[in-house]
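Undergrad: Got a structure here, written out as structure tokens. Questions coming.
The values are calculated or read from the model by the stated rules, or taken from the named source; none is laboratory data. Note that this is a predicted model, so its numbers are computed, not measured. All Cβ positions, even for glycine, are placed from backbone atoms using ideal geometry, and neighbour counts span all protein chains on display.
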Amino acid sequence: MAASHAADPNTLYGRLTAHRRLVLLVLLLALLPAALLSLKIGSYPISSSTIISTLLFGSEDSLISHLIFNIRLPRTLAALLAGAGLALSGSVMQTLLKNPLAAPSTLGVSQGAAFGAAVAIILLGSGQTFTVGNEGVLLGNRSLTALCAFAGASLSTLAILAIATSRRLAAAAMILAGVAMGAFLSACTMLLQYFASDLQVAATLFWTFGDLGKAGWQENQTMALLLAVVLGGCIWKGWSLNALQWGDETAHSLGGSPAQLRLTGMLLTCLLVSIITAFLGIIAFVGLMAPHLIRPFIGSDQRYLLPGAALCGALLLLAADIVSRTVLAPVVIPVGIITSFAGAPLFLALLLRRRPPC
């Protein structure tokens with residue numbers, strides 16, 4: 001009788017649900033000290049108590065208020081939002097394509113966004129030349145840059161989906177198609193740079209560096225709105241995504257439309273990635289790694305995996321930003337460089353830890 005009670009499916013499911021919620025709570029609580037540490041880092045020292053007091057009640061010191069609200073807080077929020085958005089996109093792509101290597105960088109989405117942004121900067125005048133003592137280039141029309149980045153990312157995504165559908169490519173072949181598309185778009189970007197002026201090339205190159213310092217309150221509001229829409233929509237379709245993991249036939253039998261779900265999901269994640277890339281530049285690897293890091297602790301139920309991956313991605317990118325500002329202080333390294341350096345060995349370590357199939 002006791003054994004029967006211990007094996008009761010409802011009891012086991014309740015324990016599993018409680019465990020998943022606990023993991024989400026731990027991740028959420030871990031973001032608080034990480035965010036506080038991020039706000040403390042800088043050439044001007046500010047104590048934790050001063051930061052908390054300023055955030056809650058404001059400060060009579062105009063310098064501290066300026067540093068926190070105009071410089072450090074927007075950067076910290078950008079790390080949280082961009083990390084969550086990239087990780088969420090990677091997790092959704094891996095589920096939709098049923099491939100653990102699917103991510104914005106491996107499917108050519110990031111490269112498509114970069115090409116679109118290069119078109120905006122070089123051909124459409126988004127990079128405006130200015131002279132104040134020395135000549136330089138300023139991204140004067142961020143909306144145009146974001147729109148072109150989304151167009152480039154969407155075209156890349158649609159091309160890969162069209163090729164995969166028409167040729168009935170396997171999941172692994174789809175990743176190879178994404179790599180080929182990414183290489184082609186990178187070549188197109190370099191071709192544009194070759195015929196551009198030195199200042200335009202410098203602006204495009206600087207833009208490609210993943211740098212959280214580019215974000216302000218307006219950019220953070222846009223990313224937060226898109227993240228909320230995409231995350232909410234994906235959780236709402238959680239059961240459909242769960243069914244898709246068991247195959248298109250299973251999803252069909254449960255009343256779903258795998259083709260429509262795949263197209264809608266890819267376009268939504270593409271929109272989120274392209275906006276993040278347009279605002280901050282290319283930040284690689286977060287979308288690939290975060291789902292793999294959190295899945296062993298939370299399982300594959302999309303209703304918990306997606307928010308878990310988002311929280312894990314936010315924590316990863318925030319940690320990478322802290323490293324980027326401290327490892328060679330006072331020099332600030334673009335966070336995209338840190339994620340690329342840390343990503344490869346971490347991913348290899350995860351691969352080596354996986355047990356070979358029996």
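Undergrad: Quick one: what pairs do we get from region 211-240, first residue over 15 Å from Phe279 (Cβ atoms), second surrounded by fewer than 19 Cβ atoms within 10 Å (Cβ to Cβ) and of a type in the set (Lys, Arg), C-beta under 6 Å, 6+ apart or different chains?
TA: Ile235/Arg303; Gly238/Arg303
Undergrad: Contact list please: Cβ distance under 8 Å, first residue in region 57-70 and free of Cβ contacts under 8 Å to residues at least 40 places away in the same chain, second residue loosely packed, with under 12 Cβ neighbours inside 10 Å and assigned to a loop (DSSP other than H, G, I, E, B), pairs at least six apart or on different chains.
TA: Leu63/Tyr44; Leu67/Tyr44
Undergrad: I want to confirm something. Restricting to region 169-218 and keeping residues that are crowded, with 16+ Cβ neighbours inside 10 Å and charged (D, E, K, R), which single residue is nearest to Leu317 (Cα to Cα)?
TA: Per the criteria, the residue is Asp211.
Undergrad: Follow-up question, since we're still on this one. Identify, by number, the condition in (1) closer than 26 Å to Val23 by Cα; (2) without any contact (Cβ under 8 Å) to a residue 24 or more places away in the chain; (3) not basic (Lys, Arg) that Gly308 doesn't meet.
TA: For Gly308, the failing item is (2).
Undergrad: Looking at (1) under 24 Å from Arg15 (Cβ atoms); (2) buried (at least 24 other Cβ atoms within 10 Å of the Cβ); (3) of a type in the set (Gly, Ala, Ser), which is the one condition that is false for Ala290?
TA: The number of the failed condition is (1).
Undergrad: Please go through region 259-280 and give me each residue that is surrounded by fewer than 24 Cβ atoms within 10 Å (Cβ to Cβ) and of a type in the set (Gly, Ala, Ser), ordered by number.
TA: Ala259, Gly265
Undergrad: Would region 337-356 turn up any residue that is crowded, with 20+ Cβ neighbours inside 10 Å, under 14 Å from the mean Cα position of the chain (by Cα) and part of a helix (DSSP H, G or I)?
TA: yes
Undergrad: Still on this structure: Inside region 240-257, can you point out the residues that are closer than 24 Å to Gly308 by Cβ and surrounded by 16 or more Cβ atoms within 10 Å (Cβ to Cβ)?
TA: Ser240, Leu241, Asn242, Ala243, Leu244, Ala251, Gly256
Undergrad: Has region 303-310 got any residue that is under 29 Å from Ala120 (Cβ atoms) and either within 15 Å of the chain's Cα centre (by Cα) or modelled with pLDDT of 90 or more (or both)?
TA: Checked against the condition, which is being under 29 Å from Ala120 (Cβ atoms) and either within 15 Å of the chain's Cα centre (by Cα) or modelled with pLDDT of 90 or more (or both), region 303-310 yields at least one hit.
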